[in-house]
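Visitor: Submitted below is the structure of interest, expressed as structure tokens.
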Amino acid sequence: MRVIGLMSGTSYDAIEAAAADLTLDGDTLWLRPLGHLSVPYPDEVRELIAATLPPAATSTAAVCALDTRVGQAFAAAAVRALGELCGGEAGLVVSHGQTMHHWVEEGTVRGTLQLGQPAWIAEATGVPVVSDLRSRDVAAGGQGAPLVGMTDALLLRGLPGVPAALNLGGIANVTVVAPGAEPLAFDTGPANALLDAAVGHFTGGAAAYDEDGRRAAAGRVSPALLKVLLDDPYYRRAAPKSTGKEHFHLPYLQRALAAVPTPEPDDVLATLARLTAVTVADACRAHGVTGLVVSGGGARNPVLMRMLGEELPGVGLRPSDDLGVPSDAKEALAFAVLGFLTVHGLPGALPSGTGARRATLLGSITPGRGPLRLPEPATTPPRLLRVAESASH
């Protein structure tokens, strides 16, 4: 089945679209990447997202407008992927949507909200759409995150030692696949969320991120500020656990800076990069990780990667590209896999990763232009993910 995955993370800078041919052969899921696109949000949509995200106050009118505008932006990305990556033919589109709120109370997720009305995607492409993939896991008592755990576990299984996958988006999450144990997946804390918020604040909105980590490289870590930031109880909470920008946002950082004044912006950025490295490393050490497969936007930040290496001596770091999965497309491909599992009647969440009572089928299905025809349900869930040679485009 040819599947398009659409993803926009907590950094909300662009919609990542990836396409793949997926085939289930016994307990092996074969994935052949067809290419990927990064489609920036229109400026007005990005500004609307920023103005609506917690801790901002909002209205149902703004939420309705955002649901439509994000849906239209995802539809435009899907149309491009359909034409440019799939030769005009696909059997399924899987849309993550844009996370606007992850409702957590005392470590329990009560609800999660991803906007981006899938009807716009189905109408624009004529292809069935799987969307709202997190809510079913939450309803089953899970965190609803991180959902990449299923794909990570299938990809890493069989690697030597205790391999783990690390995604450095707005939030950092890891999936640990230890021999003889159920896979474990959880959010370690902020990756780009606080870094991007700080850059936007210090530049008055002129820059959205620290390009190539240059400003962090020019700064010096403030031990006092790092100590205050590390005092967050989230880091001491046991996995499975999840978090988001409703917790790690600019006012959160400003409160820390009020407690420990740090006058040089570059020093703040260096400290925030070290915060991510330390919290990821602590999580990896706690679970005996021996090798780390890295993806996400933060993987392109040389300062962050250098600090990770310093915090995890002896742990090999390599990009997911080494396993045949392009780092920039990994999350979009992961959601393509989850939608594929859904339409084949297979669970897409790992209870050991999300804390759910049971493994559930994920998402809701919006029909395309024709009658909805689902594949025959699969009888065997995949145990391994193998990447076939990429198609050339």
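Visitor: If you take Kirkwood radius over Cα pairs in Å from the coordinates, which of (i) 21.0; (ii) 22.6; (iii) 22.0 do you get?
Guide: Step by step, Kirkwood radius over Cα pairs in Å for this structure corresponds to label (i).
Visitor: Give the percent of DSSP beta bridges with both residues in the chain that are antiparallel, rounded to the nearest 5.
Guide: 65 percent
Visitor: Using the Kyte-Doolittle scale, find the helices of the chain whose mean hydropathy is at least 0.5 and whose Cα atoms extend 18 Å or more along the helix's long axis, counting only whole DSSP H runs.
Guide: Taking the DSSP H segments of the chain (at least 18 Å long, mean hydropathy at least 0.5), we get 60-84, 265-286, 330-343.
Visitor: Moving to a separate point now. So, in nm, how far is label Ser38 from label Arg110 when the simple model puts each one 7 Å beyond its Cα toward the Cβ?
Guide: A separation of 3.6 nm, rounded to one decimal place.
Visitor: Okay, moving on. In the stretch 104-139, which residues have a backbone nitrogen under 18 Å from the label point lying 7 Å from Arg357's Cα in the Cα-to-Cβ direction?
Guide: Once the point is set 7 Å along Cα→Cβ of Arg357, 108-112, 135-139 turn out to lie under 18 Å by backbone N, inside the stretch 104-139.
Visitor: If you take the beta carbon distance between Thr290 and Ala206 as r and set R0 to 41 Å, what does 1/(1 + (r/R0)^6) give as a FRET efficiency, to the nearest 0.05?
Guide: 0.45
Visitor: Dipole size in debye (nearest 20) for the stretch 1-127 around its Cα centre, Lys and Arg Cβ +1, Asp and Glu Cβ -1?
Guide: In debye, rounded to 20, the stretch 1-127 gives about 120.
Visitor: I need the peptides 127-134, 200-207 ranked by packing, meaning the mean over residues of other C-beta atoms within 10 angstrom, with the highest value on top.
Guide: 127-134, 200-207
Visitor: Would you mind pulling out the separation of the Cα centroids of the stretch 125-170 and the stretch 45-107, in Å?
Guide: 18 Å
Visitor: In a GNM of the chain with a 10 Å cut-off on Cα contacts, which of Gly97, Gly296, Gly141 has the highest mean-square fluctuation?
Guide: Result: Gly141 has the largest fluctuation of those listed.
Visitor: Given the Cα-Cα distance of Trp103 and Met1 and 0.36 nm per residue of separation, how much length would full extension add, in nm?
Guide: Taking 0.36 nm per residue and subtracting the Cα distance, the gain is 33.3 nm.
Visitor: Go ahead and estimate [θ] at 222 nm for the chain from helices alone: -39,500 (n - 2.57) per DSSP H run with n ≥ 4, summed, over the residue count, rounded to 500.
Guide: Taking each H run of at least 4 residues, the total per residue is -10500 deg cm²/dmol.
Visitor: So, in Å, what gap is there between the alpha-carbon centers of the stretch 355-387 and the stretch 240-270?
Guide: Cα centroid of the stretch 355-387 versus Cα centroid of the stretch 240-270: 39 Å apart.
Visitor: State, to one decimal in nm, how far the label point of Ala139 lies from the label point of Leu317, with both points 7 Å from Cα in the Cβ direction.
Guide: Those two pseudo-labels are separated by 4.0 nm.
Visitor: Need the list of aspartates and glutamates near Lys245 for cross-linking: C-alpha distance under 17 angstrom, and skip anything on the same chain fewer than eight residues off.
Guide: The reachable aspartates and glutamates, counting only those whose Cα sits under 17 Å from Lys245, are Asp13, Glu47, Glu105, Glu106, Asp187, Asp196, Asp232.
Visitor: In addition: Highest first, please rank the peptides 218-230, 254-266 by the mean number of other Cβ atoms sitting within 10 Å of their residues.
Guide: Order by mean packing, descending: 218-230, 254-266.
Visitor: At 0.36 nm per residue, and after removing the present C-alpha to C-alpha distance, how many nm does the segment from Arg220 to Ala62 gain when stretched out fully?
Guide: The Arg220-Ala62 span can extend by a further 52.9 nm.
Visitor: Please sort by residue number the trypsin sites (Lys or Arg not before Pro) in the stretch 307-393 whose DSSP state is loop and whose Cβ has at most 14 other Cβ atoms within 10 Å.
Guide: Here the trypsin sites (Lys or Arg not before Pro) that fit, given the DSSP loop and packing criteria, are Arg357, Arg358, Arg369, Arg373, Arg383.
Visitor: Round to a whole angstrom and tell me the spacing of the C-alpha centers of the stretch 322-345 and the stretch 180-209.
Guide: Between the Cα centres of the stretch 322-345 and the stretch 180-209 lies a distance of 22 Å.
Visitor: To the nearest 20 Debye, how big is the dipole of the chain about its Cα centre, given +1 on the beta carbon of each Lys and Arg and -1 on that of each Asp and Glu?
Guide: Taking the Cα centre of the chain as origin, the dipole is about 660 debye.
Visitor: Here is a further query. I'd like the carbon and sulfur percentage of the solvent accessible area for the stretch 212-361, probe radius 1.4 Å, heavy atoms only, ligands and nucleic acids excluded.
Guide: 55 percent
The values are calculated or read from the model by the stated rules, or taken from the named source; none is laboratory data. Note that this is a predicted model, so its numbers are computed, not measured. When we count neighbours, we look across all protein chains shown, and the Cβ atoms used for this are built from the backbone with ideal geometry, even at glycine. In case anyone asks, the SASA skips ligands and DNA or RNA and just uses the protein heavy atoms, side chains included. Shrake-Rupley method; radii C 1.70, N 1.55, O 1.52, S 1.80 Å.
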